[in-house]
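The next block holds one structure in the form of C-alpha cells; read it before the comments.
The values are calculated or read from the model by the stated rules, or taken from the named source; none is laboratory data. None of these values were measured; they are calculated from a predicted model. Heads up, the Cβs are rebuilt from the backbone with ideal geometry, glycines too, and the neighbour counts pull from every protein chain shown. The area values use the complete protein model at the heavy-atom level, side chains included, leaving out ligands, DNA and RNA. Shrake-Rupley method; radii C 1.70, N 1.55, O 1.52, S 1.80 Å.
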Amino acid sequence: MLYDRAKIHVEGGRGGGGCVSFRREAHVPHGGPDGGDGGRGGDVVVECDSSRRDLASLHRSRHFRAGRGGHGQGKQRHGARGQDRVVAVPPGTQVDGLDGRRYDFVEHGQRAVVAAGGAGGHGNKRFATSTRQAPRFAERGLEGESGWIELRLKLLADAGLIGQPNAGKSSLLATLTRAAPKVAAYPFTTVEPVLGTLDSGDRQLVLADIPGLIEGAAAGAGLGHEFLAHAERCRGLIHMIDIAGEDPPAAYQAVRAELRAYGAGLELLPELVVLSKRDLVPDEDADAAVAEWSDRLGGDALGVFAISSATGAGLDELRRAIVEAVPMEELVAPASYAEAEFEAEHITYRPAGDQGFDVERIGDGVYGVSGRGIEMLLARHDTQNPEALAYLEQRLREIGVIAALRRAGFEPGDEVRIGAEAFELDPRE
Ligand SMILES: Nc1nc2c(ncn2[C@@H]2O[C@H](COP(=O)(O)OP(=O)(O)OP(=O)(O)O)[C@@H](O)[C@H]2O)c(=O)[nH]1
Ligand SMILES: [Mg+2]
C-alpha cells in the first residue's frame, strides 16, 4: 500500500527561562545581577530524503516535538538551544505549513522549518537599570509554534499512463519496464499508482501507472480521481484506449473530460495516444484506426500508436516515441506547478509586528486586555513575583495600556485579565 497522505502534529520547543542570579565574590557585599538568558527552543524541520518512498512512517508516529531550550544560569551563562526534530519525507512531498505556506520537496536535502521553537527568556542581568540595580526577576521562555500539518506525496514520474479500467495500462508498464503490476481481466485491478523505469540506453524515464478513470470520476465514480495528483508532476501523458473496446472515441472523451474536471491543468500536458490490444483486431483495422485517430486529433496529440502488450507489436516504435515526446529539460507543466514552487527559506517567527491591543470592561472591577504583543509580554513574566509585576506595570504604561484602562474606567486595585493571567494592578504614578 502506498501511503500518499499524512497528518502530523508538530511542536517547536519551548524557550528556556532566563535566570535570576547575583554575583557572589569574596569581599563584595552586593554583587550585581548575572543571570543568563534561556536558550531558544528547537525547530521541527521537514527534510527531503531520497531514500524514503512514501509517508508510511508518519502514520506510525504522528507527533513531532522539538527539544526545549536550556535555562539560563548564573555567571551570565546562557541556556543551550533546543534540539531540532527532523521529519524525513520522500521527494515529491508537498506540505501545507501552519502559516498556510506550501512547500514542495523535490530534491534530497531540501529543508523547511514547519514549527519554530520559542524564544528564550532574558536573564535578570538584562533588567538592571540605574534605578533597579538588583532585579529579582527574569523572563520565561515562550512556547514554540505548534499545530497539525498535512503532507501529500505526489509521485515524481516523467510520464503517466492514463485511461479507462482494463485498457491495458498495467500490461504496458510490465512490458516496457521491470515493474510487475497486477494485471487482470476485470476493471480497477490497479488501485494505487505503480512506478516503473523505462531504460532507453542513454536515458531513464519513470512511468507511473495510474488507476483507471471512468466518467464521473471527479464526482467519486469508480475509484474517484484523487490519484491524479500523482500525474500532476508528469511531463507527458500516455493515454491508452482499448482498440477492441465498445466505443473507443467515447472512452477517450470520457477520460479527457475527467482530466479537465480534475482542475490542475493535466489536460494541457502533451499526450501520446495508444490504441491497445491490437492483436484482437485484424492488422488492417489497427492501421486504419491509427490513421483515423491521427486525423481526428490532429495537433491535440503528439502521436497515435497501435500496440499489443501480448505480442509485442508496435512496442519498439512506442518506446522511441515516449523517449522523444517527454522533454528532458523543458517543462510543459500544468498551471498549478508554478504556484507550488519550493521555498526553503527559514521562516522566522515574528511576534506580531503590530503593537495593537484592545481594552474591554468585562464586569465590575474586571478589565480584559487582548492583543498578541501584550499577551506575549504577559506569557514571559510571573505575575506572582512583585518585582516582575512592577516591571510589567512599567511596560504596560509605556505601551499605553494603563492609559487605555483608565479611559475605560479602571481604578487602582481592579483586576486585569490578559490571556490566561488574572492579576491586580495598582498603578500609582
Ligand atoms: N489480448 C490482449 N489482452 C491484453 C493486452 N493488454 C492487456 N490485456 C488484457 O486486458 C486486461 C486488462 O489489462 P490491465 O493491464 O490490467 O489493464 P489496466 O488498464 O491496467 O486496468 P485497471 O488496472 O483495471 O485500470 C487483462 O486481462 C490483460 O491480460 C493486449 O495487448 N492484448
Ligand atoms: Mg492496471
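Go ahead and collect, in residue order, the members of region 358-388 whose backbone nitrogen is under 16 Å from a label point 7 Å along the Cα-Cβ direction of Thr131. The answer is 387-388, whose backbone nitrogens lie closer than 16 Å to the label point.
Label-to-label distance for Asp426 and Ser51 is 6.4 nm, based on points extended 7 Å past Cα in the beta-carbon direction. The relative contact order of region 242-291, computed from alpha carbon pairs under 8 Å that lie at least 6 residues apart in sequence, is 48 percent.
Packing-based ranking of 418-424, 2-8 yields 2-8, 418-424, ordered from highest to lowest mean Cβ neighbour count within 10 Å. Would you mind getting me the FRET efficiency between Val106 and Ala185? Use the beta-carbon distance for r and R0 = 30 Å, nearest 0.05. After rounding, the FRET efficiency stands at 0.20. Packing, as the average of other Cβ atoms within 10 Å across residues, places the peptides 163-169, 292-298 in the order 163-169, 292-298, highest first.
Are there GluC sites (Glu not before Pro) in region 19-111 that DSSP marks as loop and that have at most 15 other Cβ atoms within 10 Å, and which are they?
Passing both the DSSP loop test and the Cβ count: Glu107.
Summarise the accessible area of the chain (1.4 Å probe, protein heavy atoms) by the percent that is carbon and sulfur. The nonpolar share, carbon plus sulfur, comes to 46 percent. Across the chain, the mean sequence separation of Cα contacts (distance under 8 Å, 6 or more residues apart), normalised by length, yields a relative contact order of 13 percent.
The relative contact order of region 131-198, computed from alpha carbon pairs under 8 Å that lie at least 6 residues apart in sequence, is 22 percent.
Evaluated at 4 °C with a viscosity of 1.567 mPa s, what Stokes-Einstein diffusion coefficient in µm²/s does region 104-207 have when Rh comes from the Kirkwood expression over alpha-carbon pairs? Using the Kirkwood radius from Cα pairs, D works out to 66 µm²/s.
For Lys182, the lysines whose Cα falls under 30 Å of its own Cα, not counting residues fewer than eight places away in the same chain, are Lys7, Lys154, Lys169, Lys277. Take the chain with all the other protein chains still there, run a 1.4 Å probe, and you get 49 Å² of accessible area per residue.
Using DSSP, restrict attention to beta bridges with both residues in the chain and report what percent are antiparallel, rounded to the nearest 5. Looking only at bridges with both residues in the chain, the antiparallel portion is about 55 percent. Using equal-weight Cα scatterers in the Debye expression, the normalised intensity of the chain in log10 at q = 0.06, 0.14 Å⁻¹ is -0.44, -1.17. Straight-line cross-link reach from Lys75 at under 22 Å between alpha-carbon atoms covers these lysines, not counting any fewer than eight positions away in the same chain: Lys125.
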